[in-house]
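Please treat every number below as a calculation from the coordinates, not as lab data. What you see is a predicted model; the values in this text were computed from it and never measured. Here Cβ is always computed from backbone atoms with ideal geometry, including for glycine, and neighbour counts include all displayed protein chains.
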Amino acid sequence: MNYAYYPGCSLESTSPDFHLSTLALIDFLDLGIEEIPDWTCCGASAIHPDNKLMSVALPALTLDAANKENKDIMVQCPACFAHLRESQHAIKQADQMSNDITEVIGKKVDASLKIKHFSEILVHEYGLDKLKEKRVKSLEGLSIASYYGCVIVRPKKLMEYDDPENPMLMDQLIEATGAKSVNWPFKTKCCGAGNSISRTDVVLDLTYEILRLAKQNGAEAISVLCPLCHINLDLRQKAIEKRYKEKFNLPIFYYTQLLGLSFGLDPKKLALDRLFVSPFPLLRNKGLL
Amino acid sequence: MQVNINKDVNLLEFGEKLEHLAETDVKKCYQCGKCTAGCPLNYLMDISPSQVIRFCQMGMKEKVLNSRTIWYCIFCDTCSTRCPQGVDIKGVMDALRRMANQQRIKPKADVRALEKSFASSIYSFGRVYEPGVVAGFNLLSKKLLHDVILFPLLLVKRKICLMPHWVRLAEVRKVMKRARKIERGKQ
């Protein structure tokens, strides 16, 4: 494996639980993946509705930083993942936009590197069998709904991640922990994403449906792979419960935390204490702590 | 819905510009309505996603640029993924937002305030400083107390960066300035 890790701004601030549990897995599985030095913001979803060129040029700075290290890019945040891919795609086209990126950056950026999500690397390169071999504590008895959100699966041609309507990649990782992955219909339904700040009411509407459907289909917790999905489902869960007068109490894990638990890693190291909806009562109840 | 087509038909110019910006062919749409059915925000829109595409086919620029719909789209891409005709509806929404910004049309939702606050955070630090983004949004949107209650919660869980990181500032600023200049030249 020849990857360098691009955490992105969210993992550095509001999602340290995702960041720390990722580092714990990299360390435990001995993957030798280090952070890209001096990475910069991908521009997120705030730039493209105003300036298309800027939205594909900003991530090119990070592609360039990875090239300098001679590394491919491993990423966790789906929005960063999408914007790095958009930039790579734009550079590869022989058109005006590609020339404009070169002019903006001041040189032609080589876009031939691989950009992969950590979950893909675990399933396709490290291997599910090896993950199961490393398991010391089966999470048997725990029912988890895998929630992917939109950006990682769509557009399919750009992301090349999994089926956009019924992805199974995270479900496979959940099954590798010994837990049961529930079959449910809202895997890729949008959570409201960036509207979290600008239109919080919209987010509460959309996330309510997600929590309700997960619980209805037998989930005791949800597994996510996106920092924004996590904020909207975890941090805002109290507000959702208040708005709809319905109790959920569904812990929202990052998939990396569940894998870490199955490897017997210290819950502190996996930052389980930083979740807003405490997972400890559920884990104790299942004899997993 | 009754619409007056004659008044703002400017089919060729608007249609060509839109298709160039969005890199898609809106003429292919046959109004099956799948985009509207799958849109998670359709319940808040004044005209549905499929209606936006129809108005674009008809060259009704003012109608779509002044709609609430283009500001409510969250780019989840469900519409484009499901379109049986391969029309990139999300791409059209994105292009319409850029057109509306260029023409200084007043946004019909606070989302533009968030985008501005976000961009200025990147320009100031090279990485996004989230407490600054929220503060900037609150100022621009005049919702001063919005989400303020979350700060102590985030502090307790150590989910907040107290200080921004300054990274490759000269390069980031150069990229942003040059991109602005080139895009302005195209208008």
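Shielding of peptide B:112-122 by partners, expressed as the average count of other chain Cβ atoms within 10 Å per residue Cβ, is 6. The helix-only estimate of mean residue ellipticity at 222 nm for chain A, built from DSSP H runs of length n ≥ 4 each weighted as -39500 (n - 2.57), is -12500 deg cm²/dmol after division by the residue total. Across the range A:220-289, Cα pairs under 8 Å and at least six residues apart give a relative contact order of 35 percent. Calculated mean residue ellipticity at 222 nm for chain B: -16000 deg cm²/dmol, from DSSP H runs with n ≥ 4 weighted as -39500 (n - 2.57), summed, divided by the residue count and rounded to 500. Shape annotation for the range A:137-289: C-alpha extents along the principal axes are 39, 39, 28 Å, from largest to smallest.
Note on A:K157 and B:D46: their simple-model spin labels are 3.3 nm apart, each label 7 Å out from Cα toward Cβ. Built from the Cα atoms of the range A:210-258, the convex hull projects on average onto 3.3 nm², one quarter of its surface area. Provide the FRET efficiency to the nearest 0.05 for the B:K17-A:E209 pair, computing r from the beta carbons and using R0 = 35 Å. Efficiency for this residue pair is about 0.40. Counted by Cβ distance under 11 Å from B:F137, the other residues give a net charge of 0, where Lys and Arg count +1 and Asp and Glu count -1.
The eigenvalues of the Cα gyration tensor, multiplied by 5 and square-rooted, give the range A:173-235 an equivalent ellipsoid with semi-axes of 23, 13, 8 Å from largest to smallest. The largest-to-smallest principal axis extents of the Cα set in the range B:1-151 are 48, 31, 29 Å.
Taking 7 Å steps out from each Cα toward its Cβ at B:L145 and B:K106 produces label points 2.6 nm apart. Using alpha carbons only, how many angstrom separate the centre of the range B:48-122 from the centre of the range A:182-260? Rounded to whole Å, the Cα centres lie 26 Å apart. Restriction of the GluC sites (Glu not before Pro) in the range A:60-151 to DSSP coil positions whose beta-carbon has at most 16 other beta-carbons within 10 angstrom yields A:E69, A:E140.
Peptides A:154-160, B:71-77, A:94-100 ranked from most to least packed by the mean count of surrounding Cβ atoms within 10 Å: B:71-77, A:154-160, A:94-100. Inverting the pair-averaged 1/r between distinct Cα atoms of the range A:23-178 gives 17.1 Å as its Kirkwood hydrodynamic radius.
Relative to its Kirkwood radius, the Cα radius of gyration of the range B:102-187 gives an Rg/Rh of 1.05. Here the label points at A:R284 and A:Q96, each 7 Å from Cα along the C-beta direction, are separated by 6.4 nm in the simple model. The residue list A:C226, A:S262, A:I240 was ranked by how far each Cα lies along the charge dipole of the range A:216-265 toward its positive end, using unit charges on Cβ atoms, and A:I240 comes out on top.
With the convex hull constructed from alpha-carbon coordinates only, the range A:1-90 shows a mean projected area of 5.7 nm² over all directions. Within straight-line reach of A:K189, meaning a Cα separation under 25 Å, sit the following lysines at least 8 residues removed in sequence or on another chain: A:K116, A:K156, A:K157, A:K180, A:K215, A:K238, A:K242, A:K245, A:K247, B:K34, B:K90, B:K108. Listed as lacking a disulfide-compatible partner in chain B: B:C29, B:C32, B:C39, B:C56, B:C73, B:C83, B:C161, by the criterion of no other cysteine Cβ under 4.7 Å.
Relative protection proxy for A:279-285, A:194-200, from highest mean packing down: A:194-200, A:279-285 (other beta-carbon atoms within 10 angstrom). Can you tell me the FRET efficiency between B:W166 and A:N70 if r is taken as the Cβ-Cβ distance and R0 is 30 Å, rounded to the nearest 0.05? Efficiency, from the Cβ-Cβ distance: 0.70. Can you tell me which of B:K177, B:K63, B:K27 moves the most in a GNM of chain B? Springs connect C-alpha atoms under 10 Å apart. Of B:K177, B:K63, B:K27, the most mobile in the Gaussian network model is B:K177. For A:S181, the residues whose amide H sits under 5 Å from its own are A:I144, ignoring neighbours fewer than 5 places away on the same chain, with H placed 1.01 Å from N. For chain A, how big is Rg over Rh, using alpha carbon atoms and the Kirkwood form of Rh? In chain A, Rg relative to Rh is 0.97.
Output the Kirkwood hydrodynamic radius of the range A:82-121, Cα pairs only, in Å rounded to one decimal.
After inverting the pairwise mean of 1/r, the radius is 10.9 Å.
Within 10 Å of the Cβ of each residue in B:152-162, the mean number of Cβ atoms contributed by other protein chains is 4. Taking the DSSP bridge list for the protein assembly as shown and keeping only pairs wholly inside it, about 10 percent are antiparallel.
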